[in-house]
1. Quick check on the exposure proxy: order Asp391, Asp310 from fewest to most C-beta atoms within 10 angstrom.
2. Would you mind working out the magnitude of the charge dipole of the chain relative to its Cα centre, with +1 at each Lys and Arg C-beta and -1 at each Asp and Glu C-beta, to the nearest 20 Debye?
3. State the antiparallel share, in %, of DSSP beta bridges confined to the stretch 42-274, rounding to the nearest 5.
4. Using the count of nearby Cβ atoms within 10 Å as a rough guide to exposure, how do Asp152, Asp5, Asp317 rank from fewest to most?
5. Of the candidates Ala158, Ala288, Ala266, which one comes out as most mobile in a Gaussian network treatment of the chain with C-alpha springs shorter than 10 Å?
6. Can you find, among Leu169, Val221, His201, the residue sitting farthest towards the positive end of the charge dipole of the stretch 167-225, where Lys and Arg contribute +1 and Asp and Glu -1 at Cβ?
7. Once all Cα-Cα distances of the chain are split into 20 Å bins that start at 0, what whole-number percent is in each one?
8. Within a 10 angstrom radius of the beta carbon, how do Glu294, Glu397, Glu12, Glu182 rank from fewest other beta carbons to most?
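Quick note: the coordinates plus some simple rules give every number you see, no bench work behind them. From a predicted model like this one, the values you see are computed outputs, not experimental measurements. Positions of Cβ are generated from backbone atoms using ideal geometry, with glycine treated the same way; all protein chains shown enter the neighbour counts.
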Amino acid sequence: MYTHDLKNFDPEILASIKREQKRQEEGLEMIPSENFVSPAVLEALGSILTNKYSEGYSGKRYYGGCEFIDEVETMAIERAKKLFGAEHVNVQPLSGAPANIAVYFALLNPGDTILGMDLSHGGHLTHGHPVTHMTKVFNFIRYKTDAHGLIDLYNLRAMAIEHKPKIILVGYSAYSREIEYEKIKAIADEAGAITMADIAHIAGLIAGGQMNNPVPIFDVVTTTTHKTLRGPRGGMIMCQEKWAQKIDKSVFPGFQGGPHENNIAAKAVAFKEAAQPEFKEYARQIKANAKALETEFNRLGYKLCFGGTDNHLLLIDVFGSKNVTGKQAEHALDIAGITVNKNMIPDDPRSPMDPSGIRLGTPALTTRGMKEAEMKTIAVWIDEAIANHTDDNKLAEIKKRVIELTKNFPLYPTLR
């Protein structure tokens, strides 16, 4: 049997893990889709549940020895149902993209039409971008935001009537405004379409009572379990009971094999955490911190896409504001110890690998305990870094300030 541990057997991998831990501890993580899970989530994720194959569902497995696996997966399902008010939940999707794809194949035939958000206006690759394989199977029509940066519901209705989609899909990766689910549901009902929401980015804000919840309204809702929900990297599908059998069969055996039960256990832990009163305060603070950034970036003369934020993220036109590309800004901020991601803005004239914008958010910094005062300071540092994006000495000086700030908000002190 095994007698070695990571430190003694594979010090090279351990060294890389430690360097990444140091980077997380000493940096400001502002990519909106990233967060820091609790030690309890980490413990479940690294548990012996990773050893067990459990193809199928609770009580209907294709392997023996699954009685305790069934307990874990059932707890995850019941906690998610209670947290979001869902009729049916599948916790087996390995991530958000597989969850979306499983829904498409569950409810559509090849060639059917999906009306989803354009990527450059805040949508996601799996919502119909031409580079994805799904566009070879299904007919995606993409809607956009209006001149004010909001979803044009009149145009959405007109497109739905014209194209007669089988699914109307909402939910975004870079859109920063609230979504009017009831109005979109009415449009879908008129067009005879199934409603689908991808709440991957805002699931934690919904669970914390800070944003509208589409789960009781829409036919199907997909999400990741990380990001604002602060769980392990994974996916989940919630749906009305009438779609349950099709969804489950699409996930397994249609699309995936054995589920990752260690990950499902970690999801269950995260759902329990999200049901605690302190999580509501956490979700409230995420939004408050994002608003503080909005105010400061407006003061500093930046163009904010969609006119600002109602959630956890901001999409900023740095090229239009400061004549610095998103790629240049991301690189400079990396040197300064501030992690964001370059991102296209609506109808961006630049390329995806060197776009006009950057996307940043507050979930991870809020997890560390930072509040509005820190957001104002960080916005000024970001502005300094962008203004001095070719000056490595200035960027190194900003990084020293970043490291000093992070010392006041330690990350995983028990894991050092």
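1. Fewest-to-most ranking of Asp391, Asp310: Asp391, Asp310.
2. Charge dipole of the chain: 160 debye, to the nearest 20.
3. Beta bridges within the stretch 42-274, antiparallel portion: roughly 45 percent.
4. Listing Asp152, Asp5, Asp317 from fewest to most nearby Cβ atoms yields Asp5, Asp152, Asp317.
5. So, out of Ala158, Ala288, Ala266, the one fluctuating most is Ala158.
6. Ranked along the dipole, the leading option is His201.
7. For the chain, the binned pair fractions read 26, 56, 17, 0 percent.
8. Ranking Glu294, Glu397, Glu12, Glu182 by Cβ neighbours within 10 Å, fewest first, gives Glu12, Glu182, Glu397, Glu294.
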